[in-house]
Amino acid sequence: MNAWMVAGPYDLSNATDAEFIFYYWSVTEYAYDYFWTVASTDKEGWWGLRTCGDRVSSCGGWCIYTFDLTDVGDLDTLCGQPKGWIAFASQSDRDKRFKGTYVDDLTLAVMATTTNAPTHTPTAVPIRIWMPLLLH
């Protein structure tokens with residue numbers, strides 16, 4: 001099974017800092033089932049983090065993850081980009097003994113300069129997204 005959930009595009013052209021924060025619960029088959037958190041500027045090249053195995057035991061239940069969008073592999077930063085996408089992807093084999101991955105409480109937090117302020121004072125602009133995901 002291969003599944004994708006993509007959000008965006010987001011205009012980060014005025015962003016000076018950005019991060020994607022979410023909680024996840026994941027018990028997958030180690031080295032056979034994978035869960036990715038990735039970002040892109042063109043929906044073709046995706047960069048980010050891949051996990052597998054029992055993440056519930058490592059963090060005591062729901063894990064929190066902060067995806068720094070200023071340091072995204074070969075993309076470098078999504079800040080300053082007119083279009084940016086964030087995605088979850090999951091890959092699993094036929095083994096049905098593992099529960100899979102769930103995500104909750106997703107937040108795209110952006111620090112941006114405002115065009116109305118003469119001094120370009122940074123302003124926090126939180127963007128809330130809610131996307132329940134069951135991948136297994």
Of all residues being modelled with pLDDT of 95 or more and farther than 12 Å from Trp85 by Cα in the stretch 20-34, which is least open to solvent (accessible area, probe 1.4 Å)? Just the residue, please. Phe22
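Please enumerate the residues belonging to the stretch 56-71 that are touching a Phe, Trp or Tyr at 6+ places or on another chain (Cβ under 9 Å) and open to solvent by 20 Å² or more (accessible area, probe 1.4 Å).
Answer for the stretch 56-71, where residues must be touching a Phe, Trp or Tyr at 6+ places or on another chain (Cβ under 9 Å) and open to solvent by 20 Å² or more (accessible area, probe 1.4 Å): Val56, Trp62, Ile64, Tyr65, Thr66, Asp68.
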Search result, residues across the stretch 11-41 that are more than 13 Å from the chain's Cα centre (by Cα), more than 19 Å from Val103 (Cα to Cα) and not hydrophobic (A, V, I, L, M, F, W, C): Asp11, Ser13, Asn14, Thr16, Asp17, Tyr32, Thr41
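The rows are residues; the columns are (1) open to solvent by less than 70 Å² (accessible area, probe 1.4 Å); (2) within 16 Å of Ala18 (Cα to Cα); (3) within 11 Å of the chain's Cα centre (by Cα).
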position: Lys43; (1), (2), (3): no, no, no
position: Asp54; (1), (2), (3): no, no, no
position: Gly73; (1), (2), (3): yes, yes, no
position: Ala87; (1), (2), (3): yes, yes, yes
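Looking at Trp62, Trp36, Trp85, Trp47, can you tell me which residue is under 16 Å from Asn2 (Cβ atoms) and not charged (D, E, K, R)? Working first, answer last.
Values: Trp62 fails: under 16 Å from Asn2 (Cβ atoms); Trp85 fails: under 16 Å from Asn2 (Cβ atoms); Trp47 fails: under 16 Å from Asn2 (Cβ atoms).
Only one candidate passes the filter, namely Trp36.
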Test each condition in (1) assigned to a strand (DSSP E or B); (2) surrounded by fewer than 19 Cβ atoms within 10 Å (Cβ to Cβ); (3) at positive phi for Gly48 and report the one that comes out false. (2)
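Residue-wise test of (1) touching a Lys or Arg at 6+ places or on another chain (Cβ under 8 Å); (2) within 15 Å of Val27 (Cβ to Cβ); (3) polar (S, T, N, Q); (4) in contact (Cβ under 8 Å) with a residue 60 or more places away in the chain.
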residue: Gly48; (1), (2), (3), (4): no, no, no, no
residue: Thr51; (1), (2), (3), (4): no, yes, yes, no
residue: Ser58; (1), (2), (3), (4): no, yes, yes, no
residue: Tyr65; (1), (2), (3), (4): no, no, no, no
residue: Ile86; (1), (2), (3), (4): no, no, no, yes
Given the conditions (1) assigned to a strand (DSSP E or B); (2) modelled with pLDDT of 85 or more; (3) in contact with a Leu (Cβ under 9 Å, 6 or more places away or on another chain), and given that Ala87 satisfies all but one, which numbered condition is not satisfied? (3)
Please go through the stretch 19-64 and pick out each residue that is small (Gly, Ala, Ser) and under 14 Å from Leu75 (Cα atoms). Ala39, Ser40, Gly45, Gly48
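The values are calculated or read from the model by the stated rules, or taken from the named source; none is laboratory data. These figures come from a predicted structure and were not determined experimentally. Positions of Cβ are generated from backbone atoms using ideal geometry, with glycine treated the same way; all protein chains shown enter the neighbour counts. Just so you know, the surface numbers come from the protein's heavy atoms only, side chains and all, with ligands and any DNA or RNA stripped out. Shrake-Rupley method; radii C 1.70, N 1.55, O 1.52, S 1.80 Å.
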